[in-house]
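Encoded as structure tokens, the structure appears first; notes follow it.
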Amino acid sequence: MQSFPSAAAWLDPLNDQQREAVTWGRPADGRGVESGPLLVIAGAGTGKTSTLAHRVAFLVVQGVDPQRILLMTFSRRAAQEMTHRAGRLVAQALASRRGVPAAPGASLKLPWAGTFHAIGARVLRLHADELGLDPDFGLIDRGDSADLMDIVRQQSGLAATHKRFPRKDTCLAIYSLCVNSGEPLERVLDEQFPWCGDWADALRALFARYVERKQQQRLLDYDDLLLWWDLAMAEPAIAARIGARFDHVLVDEYQDTNRLQARILRALKPDGRGLTVVGDDAQSIYAFRAADVDNILRFPDEFDPPAHRVTLSINYRSVQPVLDVANALLAEAVRQYPKTLIAHRSIGAAGGAGDGGDEEGTDAGGVASGDTPIASRESAARPRLVTVLDEHAQACRVADEVLRRRECGIALRKQAVLFRNAHHSDLLEVELMRRDIPFVKYGGLKFLEAAHVKDLLGVLRWADNPRHGLAAFRTLQLLDGMGPVNAQRCLDHLGDGGFAALATYVPPPAARAAFASLRTLLIALSAPGARWDGQVDAVRAWYLPILQQRHDDAGVRAADLDMLATVATQFGTRERFLTELTLDPPSASGDLAGPPLRDEDYLILSTVHSAKGQEWDSVYLLHVADGTYPNEFATSRPSAIEEERRLLYVALTRARNQLELIEPQRYYVTQQARHGPTYVTGARSRFLTPAVMACLDRPGREHVDALRATVARASSATGDPRGARAIEGDASSDLASIRRSGAAVSDVAARIRRMW
């Protein structure tokens, strides 16, 4: 199909694979691009973001109207980054045509770029009347959804059962998994929540009442945005109207989509014309959120003729020894698109450079400027598998290596410690604090999870929707004397009327002054024609006295509200602000204002799931043992084991120059002293097969070899071969002690035998 010339200078940074993906298609009648379905398999570090941005720019340069391009990503930041890059590329291409330099700061407006959920919210508001949906529906985040689930749970009498009933967060997780996976409740319970199996009927009734309560209050939760959109696309007439808005639909991280999202895409473009999806089946690690790797594995065969496939395999991030381990691990996967990652650094300038990689601060060769001799000396070193005695030895090993590399010029921020579960870093955090090594652990609070931010947003949400019961309850209970009973009495008094009806409500004596000012504020915020500018400042001014009364660290929390006010200026309406902030909240500035960031540098600690999309010069991976990789709860299903393989693959491919896998030998049994006498021996990860092990170095093996040679000589001299066999089992366990001590090997056993 491809017939476009590809000699434009602005395409020069692309390698041949990227260029094929970017220019796929043929000229349409008049202007634009006509293309069938396109699948881009973008291996780790192969320039996915750059490729997708160039694709958007290519479409615009060829005459496609930016308003008819739909770009869906999994974060607002990714959408903004791609739009910014595409704008810069379009300006460069158009200037090149005219033979003039590109204007600085040129930008591209791509009105339909955002996350699946944000785009879903816009589509639902536009077509609300056709769906029987109130266009002014409110949105609730995960925390509010759990609270509403808990209210319904309490009112249904399920909190007072004789047997343990799931708590609110578990109930919401079950509900969400059912909605997004499309699986029946019984199957979800059987596979993911077996201990809840006896409560299937009660849970079904609970979910029905939860849905009724949301609809009564004109609320949609996070899952509803996809569910309502999917059901809307099931109506042919509505689907045709929505699909006709867009000539091209581009989707990032397609391996992380669920069944609802896949159905929505197929309904948007049933024949696949203009549909481009980018992803990597090897990085599908979110099945617990109902992501379905089969979406990307089946994609080509869902169309006739099948989708065109382009595989990006030139890696701009890691050195080849790191990629060799990842390639060996992935080669043993059961179902996959075959790919072998090749380090761009090993092929020089061939195949493009410059913008090929995704990460900022990486030059054409993928080496950060200013690296010290150790970086260049170790950059080609093979990854290491280090065996240590226990978790304490693991923490000491990591701390030692982090400090050693810091002294050699690798900043703490360029080093990361990754782990399967958040609690796996507990002992390491203690050791880091003991050694005065500052660190930041990823996966902290979001804006909407912080109490003070939820308080301020609650006022805005109530002003936006007077029937928003959750927001009203939260706001009213900020006032002294306004407990749940008085809050409910106030809501009953309000009814379906406007906030002016609150003038006749008599609050408890302790709350009268604050209630009067709140009533005035709500009337002003909800008045017809009220300007959005300054509303956050008005709510903040009302809330600050409450903040100072309730929180000892009010100054730090007030900084969060300052950030919130700054963010609000980027949105034209209150509805758009609340929608975007609910769907894609930034991190709380209070979390980032602590001691670690006041230091000169800080180490990165992160779960592997949170590390996806990131990269560091040096990576240490903790607890590489069976039971962790794969997780012990994932071994009952082959598909779960394969996802665990992909999780390890993601961890390995975060490293740019150095990679160290650490396997403790002992795991101490709980319900005893931390390092008591009872322990179990950790089994080597089943993913560390001979092919993978052949790509790893094992520091200290020379000591074992020397020890075996000494025993062999002694056995030969005495005629007793038992020494070699005796030492075989204990050599690896003693390895850490021998290496730490640095002492010469002494054949004590032979000396004892010679005594007699």
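How about the range 437-543: which chymotrypsin sites (Phe, Trp or Tyr not before Pro) there are in a DSSP loop, with at most 15 other Cβ atoms within 10 Å of their Cβ?
TYR505
So, taking all protein chains as they sit and a 1.4 Å probe, how much accessible area belongs to ARG187, in Å² rounded to tens?
120
Once amide H atoms are placed 1.01 Å from N in the peptide plane, what residues at a sequence separation of 5 or more from ASP697, or on another chain, have their amide H within under 5 Å of its amide H?
ARG384, LEU385
List the residues whose amide H sits under 5 Å from the amide H of ALA113, counting only those 5 or more places along or on another chain, with H placed 1.01 Å from N in the peptide plane.
LEU71
What's the local net charge at ILE296, with K and R +1, D and E -1, over the other residues with C-beta under 15 Å away?
-2
Given H placed on each backbone N at 1.01 Å, which residues far from ARG654 in sequence or on other chains put an amide H within less than 5 Å of it?
So ARG654 has HN proximity to no qualifying residue.
Beyond 29 Å between alpha-carbons counts as too far, so tell me which of LYS48/LYS441; LYS214/LYS441; LYS109/LYS269; LYS109/LYS454 fall in that bin.
Flagged as over cut-off: LYS214/LYS441; LYS109/LYS454.
As an exercise, identify the trypsin sites (Lys or Arg not before Pro) in the range 11-114 lying in DSSP coil whose Cβ has no more than 10 other Cβ atoms within 10 Å.
Taking the range 11-114 and a limit of 10 other Cβ atoms within 10 Å, the loop trypsin sites (Lys or Arg not before Pro) found are ARG31, LYS109.
Working with all protein chains in place, sort HIS452, HIS609 by solvent-accessible area computed with a 1.4 Å probe, largest first.
Largest to smallest exposure gives the sequence HIS609, HIS452.
Around ALA503, what is the net charge, scoring Lys/Arg as +1 and Asp/Glu as -1 over all other residues with Cβ under 14 Å from its Cβ?
+2
Can you give the accessible area of ILE410, probe radius 1.4 Å, in Å² rounded to 10?
Counting only protein heavy atoms, the figure is 10 Å².
Mind checking the full-extension length gain between ALA510 and GLN570? Use 0.36 nm per residue of separation minus the Cα-Cα distance, one decimal, nm.
Net length gain for the segment: 17.8 nm.
Output ³J(HN,Hα) for the range 386-402: one whole-Hz value per residue in order, computed from phi by the Karplus curve 6.51 cos²θ - 1.76 cosθ + 1.60 with θ = phi - 60°, and x for Gly and Pro.
Per residue, the Karplus-derived 3J(HN,Hα) values read 10, 9, 10, 5, 7, 5, 5, 5, 4, 4, 5, 4, 5, 4, 4, 5, 4 Hz.
Where the centroid of each part is defined by its Cα atoms, how far is the range 306-340 from the range 475-538 in Å?
When both Cα centres are located, 58 Å separates them.
Determine the share of the range 107-205's accessible area contributed by carbon and sulfur atoms, expressed in whole percent, with a 1.4 angstrom probe.
48
Evaluate the charge dipole of the range 376-496 about its Cα centre and quote only its size in Debye, nearest 20, assuming +1 on the Cβ of each Lys and Arg and -1 on the Cβ of each Asp and Glu.
I would put it at about 620 debye.
³J(HN,Hα) across the range 315-329 via Karplus (A = 6.51, B = -1.76, C = 1.60, θ = phi - 60°), whole Hz, x for Gly/Pro?
Calculated HN-Hα couplings, in order: 8, 9, 10, 9, 6, 4, x, 5, 5, 4, 5, 4, 4, 5, 5 Hz.
Quick one: how many Å² of GLU191 are accessible to a 1.4 Å probe, rounded to 10?
80
The values are calculated or read from the model by the stated rules, or taken from the named source; none is laboratory data. Here the structure is a predicted model, which is why all the values come from computation and not from measurement. With ideal geometry, Cβ positions are generated from the backbone for all residues, glycine too; neighbour counts draw on all protein chains shown. Protein only, heavy atoms only, side chains kept; ligands, DNA and RNA dropped before computing areas. Shrake-Rupley method; radii C 1.70, N 1.55, O 1.52, S 1.80 Å.
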